[in-house]
Amino acid sequence: MRINRRRAAVAGATLLSGVVAAGLGTAGMVSSASGAPTGVDGTQVVADLNPLNNSGVTGKAKVVVDGRKLHVKVNAHRLEPGLPHAQHIHFGKQALNECPNVEMDANGDFRLTTAEGQPAYGPVRVSLTERGDTSADSTLAVNRFPTAPDGHIHYERHTRTKQFVANGIKRGNAVVVIHGVDYNNNGEYDFRSAGRSELDPALPAEATDPATCGVLRLK
């Protein structure tokens, strides 16, 4: 399935294969896009988003944690305009809790895939969708992620997660990753430049390769 700007507006939700989904788990909870801010009583963590895969994408992310409640803000720039960008909070007890580096390019193809980066940032725990479910079940819910008008994402949402995930975020051990890299600059995610995604062969790797990453640190 190619994903261009027109298809991005109507694309159906696509989920991970059973093996990958089992590895990610289902830590998130159904969320609401409305509600009052969590306020200054919560623990604030912030991340500087830095480019991966020579994307040039930069930005900031902030999460306020109050119990199991999360108030998430993401501002990112130089993304692929008009294309969906999956974005998540990653956390794993066995992960390095950091962003990946070029040494993690296991097959030497000069790009980092999501799977190659997972030892660094861990599995998906919260899917930063614009509506509906925010659990790992929505890791590849293509039609519910931001489409970066003019190459920018300005995202804000309230949601909930499991307590151990909230605790990991508060400790400064969680990582924000935004995906989507148009390697051949043709205005769509296709199979020509990088082939199929290792997460779902129905999707181009361009749609799932990480574009930017930042560790959420205590403010």
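The values are calculated or read from the model by the stated rules, or taken from the named source; none is laboratory data. Being a predicted model, the structure only gives us computed values, none of them experimental. Every residue, glycine among them, receives a Cβ derived from its backbone with ideal geometry; neighbour counts consider all protein chains shown. SASA here: full protein model, heavy atoms, side chains in, ligands and nucleic acids out. Shrake-Rupley method; radii C 1.70, N 1.55, O 1.52, S 1.80 Å.
For LYS73, the aspartates and glutamates whose Cα falls under 19 Å of its own Cα, not counting residues fewer than eight places away in the same chain, are ASP41, ASP48, GLU130, ASP133, ASP150, GLU156. Computed over protein heavy atoms with a 1.4 Å probe, the accessible surface of segment 78-219 works out to 39 Å² per residue.
Compare the peptides 181-193, 56-68, 205-217, 115-127 by average per-residue count of other Cβ atoms within 10 angstrom and give them in order, highest first.
Working: 181-193: 17.4, 56-68: 19.5, 205-217: 25.4, 115-127: 22.9.
Highest to lowest by the protection proxy: 205-217, 115-127, 56-68, 181-193.
How many percent of the accessible area of segment 46-95 is carbon or sulfur, using a 1.4 Å probe? Here carbon and sulfur together make up 43 percent of the probe-accessible area. Extension gain GLN94-ALA202, at 0.36 nm per residue separation less the Cα-Cα distance, in nm? Stretched fully, the GLN94-ALA202 segment lengthens by 36.0 nm.
Spatially, segment 41-80 and segment 152-219 are offset by 11 Å when compared through their Cα centroids. Normalised by the number of residues in segment 159-219, the average gap of Cα pairs under 8 Å and 6 or more apart makes the relative contact order 40 percent.
Checked against a 19 Å cut-off, the cross-linked pairs LYS93/LYS170; LYS60/LYS170; LYS60/LYS162; LYS170/LYS219; LYS69/LYS162 give Cα-Cα distances beyond that limit for LYS60/LYS162.
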